[in-house]
1. Quickly run through the range A:17-52 and pick out the residues that are open to solvent by 50 Å² or more (accessible area, probe 1.4 Å) and not hydroxyl-bearing (Ser, Thr, Tyr).
2. Just to check your reading of the model, which residue among B:8, B:82, B:20 is open to solvent by 70 Å² or more (accessible area, probe 1.4 Å), aliphatic (A, V, I, L, M) and part of a strand (DSSP E or B)?
3. Among the helices (runs of 4 or more DSSP H) lying completely within the range A:1-79, list those that include at least 1 residues that are more than 13 Å from chain B (Cβ to nearest Cβ).
4. Please specify each residue of the range B:74-91 satisfying the condition of being over 24 Å from residue A:62 (Cα atoms) and either within 14 Å of chain A (Cβ to nearest Cβ) or not β-branched (Val, Ile, Thr) (or both).
5. For the range A:111-151, give me the residue count where each residue is assigned to a loop (DSSP other than H, G, I, E, B) and either surrounded by fewer than 19 Cβ atoms within 10 Å (Cβ to Cβ) or at pLDDT 95 or above (or both).
6. Going through the range B:16-62 one residue at a time, which ones are over 16 Å from the mean Cα position of the chain (by Cα) and more than 10 Å from chain A (Cβ to nearest Cβ)?
Amino acid sequence: MSPRAKGIFGGEVLNRIQIKLPAISVNEGMARSAVASFVSQLDPDVGELADIKCAVSEAVTNCIVHGYRASTGLIYITVTLLEGRAVKIEIRDRGCGIPDVRAARQPLFTTDADGERSGMGFTVMESFTDGVRVRSKVGVGTTVVLLKRLATRAPL
Amino acid sequence: MTHKADLVCDTAGEQMLVRVRGEIDHHTAADIRNGIDGALFEKRPRRLIMDMSAVTFMDSSGLGLIMGRLSVIRQLGGELVVQDPSEAISRIITLAGMERAIDIRYTDGERRTQQKTAARRRRKASRTEGKVAK
């Protein structure tokens, strides 16, 4: 990420929402819709909103499929709207953690080949946002931060 | 608000048309997979057409779903066609480099040309960024 982009995501906070929901698969749709609904107040275009929904869906699915695996737990989502049409979405679990984050971020990497996982989750997140940060500790959990800058809309 | 998906299977001769409708994610993919595979093993068509025109959302779970069906239909000696994916869906397919492995068809010729041009532009852009999946 460029220094300029970092500056944008350090801007003044306009609004924020926190969502806490059980790591069950039915909540994948709920999570992406809730985030999209909140971000809608910045009037993003259809493509930007689709990108955000897809990236959130990937991160939340990772919490459920990988973070908590057979166990259950909570997913904590914080969406922050910042000055300069910047959106920061933090998705956190208290699951098993990722031993090697760099390897996990590689395209086609998956630890669940039997489950028809494509291994494209992090690649999708990276391609559909302007920045992805991952912090993880084995046995403690994983936090994924998605950064998205919305295009400036021409006044009506 | 519901996040559901369902499908309709139509078999005519050696061809099976599956219309998938709704949102494809990790939650809905299992039922779609079971529905398609059940019909595949029963009818054993030569060609499976997955009509994606009514799919309103798809994440990388959809990629796994498509690649998994490709693998099943190949085991049965048949072929897979992915029909009428939306702009957003073809974008994620291209991101995974899957358009090289699967047959994507559009029933509307004009839209097909537009989407092919858009896909080429995206591939070029992602190559420049060095993000394309090998």
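1. Scanning the range A:17-52 gives A:17, A:18, A:20, A:22, A:24, A:26, A:30, A:41, A:43, A:45, A:46.
2. Answer to the check: B:8.
3. In the range A:1-79, the matching helices (runs of 4 or more DSSP H) lie at A:3-8, A:27-39.
4. Within the range B:74-91, B:74, B:75, B:76, B:77, B:78, B:79, B:80, B:83, B:84, B:85, B:86, B:87 qualify.
5. 9
6. Of all residues in the range B:16-62, those over 16 Å from the mean Cα position of the chain (by Cα) come to B:27, B:38-39, B:41-46.
Matches in the range B:16-62: B:38, B:39, B:41, B:42, B:43, B:44, B:45, B:46.
The values are calculated or read from the model by the stated rules, or taken from the named source; none is laboratory data. Model, not experiment: these values are computed from the prediction. Methodologically, a virtual Cβ is constructed for each residue, glycine included, from the backbone with ideal geometry; neighbour enumeration extends over all protein chains shown. These accessible areas exclude ligands, DNA and RNA; they are computed on the full protein's heavy atoms, side chains included. Shrake-Rupley method; radii C 1.70, N 1.55, O 1.52, S 1.80 Å.
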